[in-house]
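First comes the structure, then the notes that go with it.
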Amino acid sequence: MNLTHSLQISKTAQSRLPEVDFDNLAFGEIFTDHMFVCTFRDGKWQSPEILPYQDIPMSPAASALHYGQAVFEGMKAYKDDAGSVWLFRPELNFNRINTSAKRLSIPEFPKEYFFEGLHNLLQLDSNWIQPGIGNSLYVRPFVFASQACVQAAPSTEYKFIIICSPVKAYYSGEVNVLIEKKFSRAAAGGVGYAKAAGNYAAQFYPTALANQKGFQQIIWTDASSHQFLEEAGTMNIFFRINNTLITAPTGDTILNGITRKSVIEWAKAAGIKVEERAVAIDEIITAQHNGSLKEIFGSGTAVVISPVNSFAYEDERYQLPKIKNAYALQIKKAITEIQYNQAEDPFGWRHKVS
Ligand SMILES: *Cc1c(COP(=O)(O)O)cnc(C)c1O
């Protein structure tokens with residue numbers, strides 16, 4: 001597809017950067033000076049723009065507010081010590097937002113607009129990215145139905161927007177998880193594989209109940225039998241039994257995580273055996289009892305890898321062993337060094353912005 005419009009850029013008159021306290025950043029509350037906006041109307045994506053970050057005027061009848069036609073992405077931009085800015089496998093985020101969009105009857109977004117918008121936005125706001133492992137710019141592309149109409153039908157108008165928020169490395173503390181048997185995240189034939197806004201809304205209540213019981217996260221099980229382990233909160237999940245890594249296969253209930261994919265590819269290249277197959281709760285409990293369960297960890301863009309300290313199932317709590325040279329730490333270090341241009345990139349994962 002060719003760009004039918006050129007990107008219009010209006011810069012902010014005054015940067016808010018000097019006001020930002022980078023030592024005390026709360027996740028996702030501060031946004032950079034600019035944003036990318038593109039409107040779908042009259043059957044096509046109109047002229048894309050970069051504007052000063054600002055509120056967006058919206059009708060109270062906007063379809064997304066009523067029927068949840070909204071999808072998003074989460075990615076990060078990193079700065080190396082020489083000041084170059086990098087993204088990590090952004091073409092996968094681009095493909096995935098369109099996979100998500102298709103499932104929610106949202107028109108696909110053109111690749112040229114996405115990458116031209118992303119590059120220009122990150123170049124304009126590159127001073128907001130601090131170098132050093134852990135520092136990054138969280139990039140949030142999203143699309144929502146903006147037509148003023150409460151008819152329960154796909155919207156005829158949409159907004160595609162990219163906003164960016166500076167983030168610091170943060171230590172999330174010990175992660176104790178609860179295997180959930182009542183509530184479900186995703187059902188066969190549903191929207192679990194899409195990064196749909198509503199999937200998150202549906203998780204808040206069960207997660208709050210788990211938090212009250214002292215767990216930081218839920219491990220979701222399959223909606224029909226509750227016998228198989230699918231995802232950890234909003235992360236994919238890996239189990240290490242002896243020296244094999246096991247994770248649920250992607251399908252319509254599992255989000256196809258870019259970190260998940262990278263963990264699998266890195267581990268295989270490092271000679272670690274990886275199996276993508278259904279993981280039964282029974283298998284994990286048995287492995288815990290016979291000592292072959294070595295590690296459980298979540299994977300996702302926000303923290304790369306999040307090791308699990310303990311898990312609970314039917315009122316029983318199981319403590320994972322403290323092991324040396326954990327895969328979780330090795331993999332986190334390797335992927336992070338690729339992201340920050342501190343190591344060779346044999347996989348071609350890094351994408352240079354400027
Ligand atoms: C975004 C997301 C992930 C992680 O995907 P990454 O591409 O690795 O960030 C995993 N599970 C769910 C439900 C998600 O929404």
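The values are calculated or read from the model by the stated rules, or taken from the named source; none is laboratory data. Worth saying up front: this structure is predicted, and the values here are computed from it rather than measured. FYI the Cβ positions are ideal-geometry reconstructions off the backbone, even for glycines, and counts take in every protein chain you see.
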* Given the stretch 250-354, what helices (runs of 4 or more DSSP H) lie entirely inside it while holding 1 or more residues that are within 13 Å of the ligand (Cβ to nearest atom) and out of contact with any helix residue (DSSP H, G or I) (no Cβ under 6 Å at 6 or more places or on another chain)? -> 258-269, 327-339
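Examine the stretch 228-243 for a residue that is assigned to a helix (DSSP H, G or I) and within 15 Å of the ligand (Cβ to nearest atom), and state whether such a residue exists.
In the first step, residues of the stretch 228-243 are kept if they are assigned to a helix (DSSP H, G or I); the result is none.
For the stretch 228-243, residues assigned to a helix (DSSP H, G or I) and within 15 Å of the ligand (Cβ to nearest atom): absent.
If you check THR221, THR247, which single one turns out to be in contact with a strand residue (DSSP E or B) (Cβ under 8 Å, 6 or more places away or on another chain), more than 30 Å from PHE22 (Cα to Cα) and within 12 Å of the ligand (Cβ to nearest atom)?
THR247
Condition check: within 16 Å of the ligand (Cβ to nearest atom) and either of a type in the set (Asp, Glu) or surrounded by 19 or more Cβ atoms within 10 Å (Cβ to Cβ) (or both). Does GLY198 satisfy that?
Working: within 16 Å of the ligand (Cβ to nearest atom): yes; either of a type in the set (Asp, Glu) or surrounded by 19 or more Cβ atoms within 10 Å (Cβ to Cβ) (or both): no.
Criteria not met by GLY198.
Residues are listed down the side, and each one gets a yes or a no for (1) among the hydrophobic types (A, V, I, L, M, F, W, C); (2) surrounded by fewer than 21 Cβ atoms within 10 Å (Cβ to Cβ); (3) farther than 19 Å from GLU73 by Cα:
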{"site": "LYS102", "(1), (2), (3)": "no, yes, no"}
{"site": "PHE114", "(1), (2), (3)": "yes, no, no"}
{"site": "PRO154", "(1), (2), (3)": "no, yes, yes"}
{"site": "GLU157", "(1), (2), (3)": "no, yes, yes"}
{"site": "PHE183", "(1), (2), (3)": "yes, yes, yes"}
* To do: For residues that are among the aromatic types (Phe, Trp, Tyr) and either assigned to a strand (DSSP E or B) or not assigned by TED's automatic domain parsing to the domain that holds VAL20 (or both), scanning just the stretch 85-114, find the one that is farthest from ILE258 (Cα to Cα).
  => TRP86
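Residue-wise test of (1) touching a residue at least 60 places away in the same chain (Cβ under 8 Å); (2) assigned by TED's automatic domain parsing to the domain that holds GLU283.
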residue	(1), (2)
ILE163	yes, no
LYS181	yes, yes
ARG185	yes, yes
GLY190	yes, yes
GLY198	yes, yes
ALA202	no, yes
PRO206	no, yes
ASN211	no, yes
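For every residue, the table says whether it meets (1) among the aromatic types (Phe, Trp, Tyr); (2) over 30 Å from ALA202 (Cβ atoms).
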| site | (1), (2) |
| --- | --- |
| ALA13 | no, yes |
| LEU17 | no, yes |
| ASP21 | no, yes |
| PHE31 | yes, no |
| SER59 | no, no |
| HIS66 | no, no |
| VAL85 | no, yes |
| GLU91 | no, no |
| LYS102 | no, no |
* Asked: Does the stretch 236-253 contain any residue that is buried (at least 23 other Cβ atoms within 10 Å of the Cβ), under 28 Å from PHE160 (Cα atoms) and within 21 Å of the chain's Cα centre (by Cα)?
  -> yes
